[in-house]
Amino acid sequence: MTELVEQQNSGINGAIFPPNKCMEPRIAFSKKPVVYDHLLYLDFDTDGNSILGCSDLTGTFWEGTLLYFDKHKKIEDLNFSGYYINTTSSDGKLINQNTIAVAEDTGNLNILSVDTSQEGITLKSIASFKVIERIPQLAVWDNSNKVLCCSGRTITIADVNSYSETVTHRNVHLENVTTVDTLRSNTNIFASGGRDHITCTWDLREEKPSVLYTNEFSSVTSVAWNQHSDNYIMVGVQAGDIYLIDKREPKEFVSVFHCFDAPVTRMAFKDSSKLAICGEVNEVLVLSCDNSFLELAHKYDNHKDQVKDVKWYNSTLFTCGFGKCLMKHGKEEQ
């Protein structure tokens, strides 16, 4: 009988595994950082510091790792300076050189400090804001300690300095809010889009937001404010199209471009003339936006799987996605 049990539990090269080892639940976070296959977001500050968020989305214990790279490290080398291990997360933003906001799938907006010492760089949680549901996207302003997030049909602005929610807007959208972006130079102004097909612009000095655009056919999945020409906002939808909207002429679009046969998920302006787009496909598009006309400038399809985020740093485009794939598209490609 003993020989039979040993035979059943024999592994490769005669290794012995405990019975039902794979069925044992995992109940603790990793002690050391793991770079998981699902790279979900990245961000840069003006000094060249950057973050990369990854998560284990296929295991029974959903864990996320936030990797921090100071300006002396290259994010594409995955040679990180610091890390933070917690639950899975959907987005992260560098608020300033010393503070990071992380949108966790538990419905927490986690605020991390970046502490530098002789031993190295340490990330630790200094505040947490609980919202009603998972946070799909974050946005920040320049020279501000406020963070904008959406959750369910609620939009919240959290003040990192006072550790308090300063503004909460509920049920302005008729269905879940999926995306937000700010006019970074003005802390009163931002945009939101939702599953109700509506894109709104907000000015906190006004009583209520304005409806910028309503798509007849699709949910809004991404908004991007042109920071260099702030009359223009790009709206991406579930059908894979993007619409250029002039806020001076709301409810009509200036131009439209079909990107993918899948939802648009993230967009990022380089300046007023270049826009990078990704969706639930392995492609990245860069469009020329000159003269209010959208035209394909570059198409990249070298990702293994879905691309989850796009960010510009100076003139270089960085993209990340599933399959532990982080791409740098250099100046010569632009």
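The values are calculated or read from the model by the stated rules, or taken from the named source; none is laboratory data. Because the structure is predicted, anything quoted here is derived from the model rather than measured. Every residue, glycine as well, gets a Cβ built from its backbone with ideal geometry; the counts of neighbours run over all protein chains shown.
Key figures
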item	result
Residue pairs meeting the criteria (Cβ under 7 Å; at least 6 apart or on separate chains; first under 17 Å from R266 (Cβ atoms) and without any contact (Cβ under 8 Å) to a residue 60 or more places away in the chain, in the range 39-66; second of a type in the set (A, V, I, L, M) and buried (at least 19 other Cβ atoms within 10 Å of the Cβ))	I51/L42; I51/L66; I51/L67; I51/L94; I51/I100; G53/L40; G53/L66; S55/L40
Selected residue (criterion: surrounded by the most Cβ atoms within 10 Å (Cβ to Cβ)) from residues of the range 84-110 that are under 17 Å from L67 (Cβ atoms) and charged (D, E, K, R)	D91
Check on F217, within 18 Å of V235 (Cα to Cα) and at pLDDT below 95	yes
Residue in the range 93-103 that is more than 15 Å from N161 (Cα to Cα), touching a residue at least 24 places away in the same chain (Cβ under 8 Å) and of a type in the set (V, I, T) present	yes
Residue that is modelled with the lowest pLDDT [pool: residues in the range 125-137 that are of a type outside the set (D, E) and either buried (at least 20 other Cβ atoms within 10 Å of the Cβ) or not in a strand (DSSP E or B) (or both)]	I132
Top-ranked residue in the range 162-182 [being touching a Ser or Thr at 6+ places or on another chain (Cβ under 9 Å) and of a type in the set (A, V, I, L, M); ranked as modelled with the lowest pLDDT]	V167
The lone exception for K274 - which of (1) among the basic types (K, R); (2) surrounded by 14 or more Cβ atoms within 10 Å (Cβ to Cβ); (3) closer than 20 Å to Y213 by Cα it fails	(3)
Residue match in the range 68-77 (condition: more than 18 Å from the chain's Cα centre (by Cα), more than 30 Å from V167 (Cα to Cα) and assigned to a strand (DSSP E or B))	no
Residue within the range 30-48 that is under 23 Å from L138 (Cβ atoms), among the small types (G, A, S) and surrounded by 19 or more Cβ atoms within 10 Å (Cβ to Cβ) present	no
Any hit, the range 41-50, residues being in contact with a strand residue (DSSP E or B) (Cβ under 9 Å, 6 or more places away or on another chain), part of a loop (DSSP other than H, G, I, E, B), at pLDDT below 90 and not acidic (D, E)	no
Complete set of residues in the range 104-143 that are hydroxyl-bearing (S, T, Y) and either in contact (Cβ under 8 Å) with a residue 60 or more places away in the chain or over 18 Å from S50 (Cα atoms) (or both)	T106, S117, S128
Within the range 55-67, tally of residues that are outside any strand (DSSP E or B), within 17 Å of the chain's Cα centre (by Cα) and not hydrophobic (A, V, I, L, M, F, W, C)	1
Some residue of the range 163-176 being touching a Leu at 6+ places or on another chain (Cβ under 9 Å), buried (at least 17 other Cβ atoms within 10 Å of the Cβ) and over 25 Å from A239 (Cβ atoms)	no
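Residues checked against (1) part of a strand (DSSP E or B); (2) touching a Lys or Arg at 6+ places or on another chain (Cβ under 8 Å); (3) surrounded by 18 or more Cβ atoms within 10 Å (Cβ to Cβ):
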residue	(1), (2), (3)
L112	yes, yes, yes
T116	yes, no, no
L123	yes, no, yes
A139	yes, yes, yes
V147	yes, yes, yes
C150	yes, no, yes
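Yes/no per residue for (1) modelled with pLDDT under 95; (2) touching a Cys at 6+ places or on another chain (Cβ under 9 Å):
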position	(1), (2)
H228	yes, no
D261	no, no
T265	no, yes
E283	no, yes
S292	yes, no
N302	yes, yes
L317	no, no
